[in-house]
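Taken together, the values in this text are just the output of simple stated rules run on the coordinates, not laboratory data. Just so you know, these numbers come straight off a predicted model, no measurement behind them. FYI the Cβ positions are ideal-geometry reconstructions off the backbone, even for glycines, and counts take in every protein chain you see.
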Amino acid sequence: MAGTMGSWKTRDVVFQIELTPQTSSPAVEQEEEDWRTAILDYLKEGKLPADPREARKLKAKCARYVMVGDVLFRTSFAGPLLRCLSYQEADYVLREVHEGCCGNHLGAYALARKVLLAGYSWPSVLHDAQELVMSCDSCQRHARLSHRPAAMMKAVTAACPFDQWGMDIVGPFPIAPAQKKFLLVAVDYFSKWVEAEPLARITENDVLKFL
């Protein structure tokens, strides 16, 4: 074995140095437009859109926002300020609350409420929470089975096959005003509709008039 060691050769390593830069540069993802830009521009520099209607809407919208240093906050109904997040930050916060170390895979409304109680806000918090819950594999696999019908229940307009009704006389009761002590009652068995009329006497004319 010692005699054969001299015949071994190490691998040749070839280094290639390019003197000319590459013409193709890696694609740079464009950042999504931040919804806070217009609000920050108005609060910091007083910039408004050229359209008077849009400017008026922006002023009314900015009344609910405040700057603390360089951070944008939104006033909530309960009082504490909610930190405004970009959509990328909002996606991270939603996933952390929903399926993070302390997440318990809440439903959409409970998830959105928990994010707001945690002190964060952005315009589409409820819509984003619904999309996250609907796309969560664990939520779809282990969710409770829904027994609701696939379509909304509609009232049957043609009740002719089930048209049936009954009528009866109830009484006598203690005498009421106008000496009325009997009750003539008719019930529609399909719609459960009840019609009743108090009478002093049960006569043929009163029954025909009631019908």
Pairs of alpha carbons in region 85-142 whose separation is greater than 15 Å (percent): 38
Would region 35-84 count as rounded, prolate or oblate if I go by the C-alpha gyration tensor, calling it rounded below 1.5 in a/c and otherwise prolate when a/b exceeds b/c, oblate otherwise? oblate
Along Cα→Cβ, 7 Å out, is where each label goes; now give me the distance between the ones at CYS136 and GLU45 in nm to one decimal. 4.1
How large is the dipole of region 85-142 about the Cα centre if only Lys and Arg carry +1 and Asp and Glu carry -1, each at its Cβ, rounded to the nearest 20 debye? 220
Would you mind checking region 113-132 for residues with the amide N under 14 Å from a putative spin-label position 7 Å along Cα→C-beta of ALA78? 113-121
26 Å Cα-Cα reach of LYS57 towards lysines, excluding residues that sit fewer than 8 places from it in its own chain: LYS44, LYS47
Applying the Karplus parametrisation 6.51 cos²θ - 1.76 cosθ + 1.60 with θ = phi - 60° to the phi angles of region 176-184, what ³J(HN,Hα) value in whole Hz is obtained for each residue in order, glycine and proline being reported as x? 9, x, 6, 6, 7, 9, 10, 9, 9
Kindly put THR75, THR37 in sequence by how many other C-beta atoms sit within 10 Å of each C-beta, fewest to most. THR37, THR75
Residue order, fewest to most beta carbons within 10 Å, for VAL71, VAL115, VAL93: VAL71, VAL93, VAL115
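Quote the FRET efficiency, to the nearest 0.05, computed for GLU54 versus TYR109 with a Förster distance R0 of 25 Å and r equal to the Cβ-Cβ distance.
0.20
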Burial ordering of PHE173, PHE210, fewest other beta-carbon atoms within 10 Å first: PHE173, PHE210
Loop chymotrypsin sites (Phe, Trp or Tyr not before Pro), region 55-124 (other Cβ atoms within 10 Å of the site Cβ: 14 or fewer; DSSP): PHE77
Would you kindly state how much longer the chain becomes between CYS102 and GLN88 on full extension, computed as 0.36 nm times their sequence separation minus their alpha carbon distance, in nm to one decimal? 3.0 nm
